[in-house]
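Each remark here refers to the structure printed beneath this line.
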Amino acid sequence: MATRATYKIGRTVYYCHWDGYREGAAIRFAKMVAALTVACEREHDGIEDRRGGFEYAFIRGNMDAEPTQSHDAHGDTEYRYTLEVMKDGLALMTVAWRTPGNVWQSDCVMELGHWLIDQREGYVRMVQRLKAQNPEHYADVDPVAEAFEQIPPMVRADFALYGGAIRHEYATAAEAEKIAAHNEKQAARYTADNPNKNDAAERARIWREALSPKGWATAETATA
């Protein structure tokens, strides 16, 4: 549907004409993460070298995204999404929507992964409503399966750096599984005295930890 919205990622703002409601926007941000972190066995760390961070990944994943000047550049938008990426890679989402009185109101800031979980649950409820309204058309649609297909599980891998700092990296669970497996294979190839063995094993451990039942992104269940 033609729900217009703008998306500010870092310093760049995009305008999209369609599907700007929250669940539709979540699909766009999920595509952004999928375009950002892609497994690649040719790379040392198992991740394809893609530059530009979330700002470039958004347009790679959403080919209809049009660069624009600011949230205010389009007078017909109903939603404004702002993704602030911290120096350590943590991504924080803020959503603003236009009220019937033409006043912009904002949600509280929320970490991207948790926001996507909330929107997936909202997507389930949306499909359930559509199914109730038009049971024949949606007879074969499983709301939960559809939600997980459109907004797949994400993980956030937290890497400890020197001096106690943390670097956060996002990926779909599917790509994280491939990255972890690649690093495990890398670790197995090195001899015990090769420092690369421990480095690869540590990368694999971190990605596996993100994928484990204790991880925040893959342990959730959609609202049935």
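For the range 203-224, the candidate set comprises residues that are modelled with pLDDT of 95 or more and over 19 Å from the mean Cα position of the chain (by Cα); within that set, the residue that is nearest to HIS168 (Cα to Cα) is ARG203. Regarding the range 128-148, can at least one residue be identified that is β-branched (Val, Ile, Thr) and farther than 27 Å from HIS44 by Cα? Yes, because at least one residue in the range 128-148 is β-branched (Val, Ile, Thr) and farther than 27 Å from HIS44 by Cα. With respect to being touching a helix residue (DSSP H, G or I) at 6+ places or on another chain (Cβ under 9 Å) and aromatic (Phe, Trp, Tyr), TYR56 fits the description.
Let's see how each residue does on (1) touching an Asp or Glu at 6+ places or on another chain (Cβ under 8 Å); (2) part of a loop (DSSP other than H, G, I, E, B); (3) touching a residue at least 60 places away in the same chain (Cβ under 8 Å); (4) surrounded by 15 or more Cβ atoms within 10 Å (Cβ to Cβ):
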site: ARG51; (1), (2), (3), (4): no, yes, no, no
site: ALA57; (1), (2), (3), (4): no, no, no, yes
site: GLY75; (1), (2), (3), (4): no, yes, no, no
site: ASP88; (1), (2), (3), (4): no, yes, yes, no
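Taking each residue of the range 150-170 that is free of Cβ contacts under 8 Å to residues at least 60 places away in the same chain and looking for partners that are of a type in the set (Ser, Thr, Tyr) with beta-carbon atoms closer than 8 Å, six or more apart or interchain, yields ALA157/TYR170.
When every residue of the range 98-114 is checked against the conditions, none turns out to be crowded, with 17+ Cβ neighbours inside 10 Å, of a type in the set (A, V, I, L, M), under 21 Å from ALA210 (Cβ atoms) and touching a Cys at 6+ places or on another chain (Cβ under 9 Å). Pairs are defined by a Cβ separation below 6 Å, a sequence spacing of at least 6 or placement on different chains, a first member in the range 3-22 that is farther than 10 Å from TYR79 by Cβ and at pLDDT 95 or above, and a second member that is hydroxyl-bearing (Ser, Thr, Tyr) and buried (at least 19 other Cβ atoms within 10 Å of the Cβ); the pairs so defined are VAL13/THR6; TYR14/TYR7; TYR15/THR6.
The values are calculated or read from the model by the stated rules, or taken from the named source; none is laboratory data. The shown structure was predicted, so the numbers you read here are calculated from the model rather than taken from an experiment. Note that each Cβ is placed from the backbone with ideal geometry, even for glycine, and that neighbours are counted across all protein chains shown.
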